[in-house]
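Here's the structure we're looking at; comments come further down.
Read-outs throughout are calculated quantities, based only on the coordinates presented, and are distinct from any laboratory measurement. This one's a predicted model, so the numbers in the text were calculated from it and none came from an experiment. For neighbour counting, all protein chains shown are included, and Cβ atoms are generated from backbone atoms with ideal geometry for every residue, glycine included.
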Amino acid sequence: MAAVAGVTSPDGATGPPDATGPDGAAAPPVRVLIVDDDALVRAGLSMILGGLPDLTVVGEAADGGEVPAAVAAYAPDVVLMDIRMPRVDGLTATEALRAQPHPPEVLVLTTFDADEQVLRALRAGAAGFLLKDTPPAQIVRAVRRVAAGEATLSPTVTRTLIAHVTAAAPGPVGPDPRRERALRQLTGLSERERQVAVALGRGQTNAEIAGELFMSVATVKAYVSRLLTRLDLNNRVQVALLVHDAGLV
């Protein structure tokens, strides 16, 4: 069975987020939009997610071109987005969606775990990705975690993606705009922030970073959150890709 990518906590936590709001009242259900050109996939995901008290499927779309109208109509918290669709693919739809103010989180649906298109989606700000044969319980956990702002890629998946980027990209001839842009983006980091960013680029877990840099795990988490804010990124795999682009790993 394939493992879910985009939801595994580096510290091993697997439980669902707290279902109550700050005042102790029950939190509203997480609103999910399913985008896939396969009606059977949409039906299966609706069945998996629709029977749970803390999740609700608010709508479906069969193509990336339908996403803007669907998001405007249904106001989802999370979009499950297929990559390969016949007219407007999920990559184009994700890039357009994440460029909007206050967009929903996006979980990409794919049959491959190191596809170049997955990398493009993650660069665009997708919270992670799900393999289409992911077990139902892990799909549910993924949606809950992303909705709670806990989106991350597991260290194993991060390493796989970085290796894929390295193998796929030949060394540039002359100036490399992506490398120069990445270096500029990292310029303002403190030495400690830079160390944590490089460790993320190597796919290390929070616990591994804590041991290497003599920090507590809580401090590492605080640094990761600070990096995401300072670099204006959505998740730690984007930090890892940025560090790789800069040539620091």
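Work through the residues other than ALA182 whose Cβ is under 15 Å from its Cβ and net out their charges, Lys, Arg +1 and Asp, Glu -1.
Residues close to ALA182 contribute a combined charge of +2.
Give me the net charge for the shell around GLU60: Cβ to Cβ below 10 angstrom, other residues only, Lys and Arg +1, Asp and Glu -1. Present the calculation step by step, with values, prior to reporting the outcome.
Details: positive: ARG42; negative: ASP36, GLU66.
Here the charged neighbours net out to -1.
Net charge within 11 Å of VAL78 by Cβ-Cβ distance, Lys/Arg positive one each and Asp/Glu negative one each, not counting VAL78 itself? Walk me through the numbers on the way to the answer.
Values: positive: ARG31, ARG144, ARG145; negative: ASP77, GLU105.
Net of charged neighbours comes to +1.
Can you give the extra length, in nm with one decimal, that the chain gains between ARG120 and SER46 once fully stretched, where that is 0.36 nm per residue apart less the Cα-Cα distance?
On the way: separation 74, 0.36 × 74 = 26.64 nm, distance 2.63 nm.
In short, 24.0 nm is gained.
Would you work out the relative contact order for the range 30-133, in percent, from Cα pairs under 8 angstrom that are 6 or more residues apart? Walk me through the numbers before you get to the answer.
Working: 195 pairs, mean separation 25.5, N = 104.
Answer for the range 30-133 is 25 percent.
So what is log10(I(q)/I(0)) for the range 31-71 at q = 0.14, 0.27, 0.35 1/Å, when the Debye sum runs over its Cα atoms only?
-0.28, -0.89, -1.17
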